Amino acid sequence: MLEGCPNFHRVIDEELAKKYSVTAVKHSAYVFPWNDDLLGLRNEINARWRVIKKFSGLAPLKYEDNTPKAGVVDRIQVCLYPPGAGELERHTDPFHNQLTFISGFLSTRGEKDSYDEGGFYVIGVNDEIVDFEPFVKEGDMAIGPATVEHGVLKVDSSYSGPIDWYGRRGRWFLGLYNNDSDEVGKRETAYRGKT
């Protein structure tokens, strides 16, 4: 995320995932506020994001007009965790820019053209995995303290066919982040959980 960075997408397979602070196998698209809003969704997303920012103690418009030179930027991520591969390691989010994780659910486990196993979880008080998927459906948003350990259990782990990085089937997710840009030296990223 350097000054002038375009919107982009990236397939992050098991090998590429090793280069990140937290292992995440997924196909992600990243959208930044300084670029054109080609889908016309930014206003809808920002209307909800502003409420969450205020709830977590930030000014509703905080970071919204920043570019990477300012240090902290808003970043929208749309992500597919494909069947047989998609997963996200147990971790906590950095909380120095935003106090919450923000998860938008763009699919519902068990629905047609979705997925049947795995998905979003949080770690409970007794260090147990709490499956969060039964409590949400497509269109829901969840927020929680950034310090709560969470992740995504492998989506459809029993699937043995070819991995379709560009398909429709799988777990779809919308993430809203206030990230340190790569213009920041020693930027803070997610932290691995206990595993």
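Sort out which residues of the range 144-157 are surrounded by fewer than 16 Cβ atoms within 10 Å (Cβ to Cβ) and under 14 Å from the mean Cα position of the chain (by Cα), and write them in order of number. Gly144, the sole residue that qualifies. Set side by side, the residues Val136, Val125 differ, and just one is touching a strand residue (DSSP E or B) at 6+ places or on another chain (Cβ under 8 Å) and either among the β-branched types (Val, Ile, Thr) or touching a residue at least 12 places away in the same chain (Cβ under 8 Å) (or both), which is Val136. Scanning the range 1-54 for residues that are in contact (Cβ under 8 Å) with a residue 60 or more places away in the chain, among the aliphatic types (A, V, I, L, M) and closer than 17 Å to Val152 by Cβ yields Val11, Val22, Ala24, Val25. Condition check for Tyr121 on (1) under 16 Å from His27 (Cα atoms); (2) in a strand (DSSP E or B); (3) touching a Phe, Trp or Tyr at 6+ places or on another chain (Cβ under 6 Å); (4) not polar (S, T, N, Q): one failure, at (1). Applying the criterion of being modelled with pLDDT under 95 and hydrophobic (A, V, I, L, M, F, W, C) to the residues of the range 53-69, the residue that is surrounded by the fewest Cβ atoms within 10 Å (Cβ to Cβ) is Phe55. Against the list (1) more than 22 Å from Phe32 (Cα to Cα); (2) out of contact with any Asp or Glu (no Cβ under 8 Å at 6 or more places or on another chain); (3) of a type in the set (Phe, Trp, Tyr), the condition Phe120 fails is (2). One residue stands out among those in the range 158-195 that are among the small types (Gly, Ala, Ser), surrounded by 15 or more Cβ atoms within 10 Å (Cβ to Cβ) and at pLDDT 95 or above: the one that is nearest to Gln77 (Cα to Cα), which is Gly175. Being closer than 20 Å to Gly193 by Cα, under 15 Å from the mean Cα position of the chain (by Cα) and surrounded by fewer than 16 Cβ atoms within 10 Å (Cβ to Cβ) is a condition met by no residue of the range 113-121.
The values are calculated or read from the model by the stated rules, or taken from the named source; none is laboratory data. What you see is a predicted model, and the numbers here were worked out from it, not measured in a lab. Methodologically, a virtual Cβ is constructed for each residue, glycine included, from the backbone with ideal geometry; neighbour enumeration extends over all protein chains shown.
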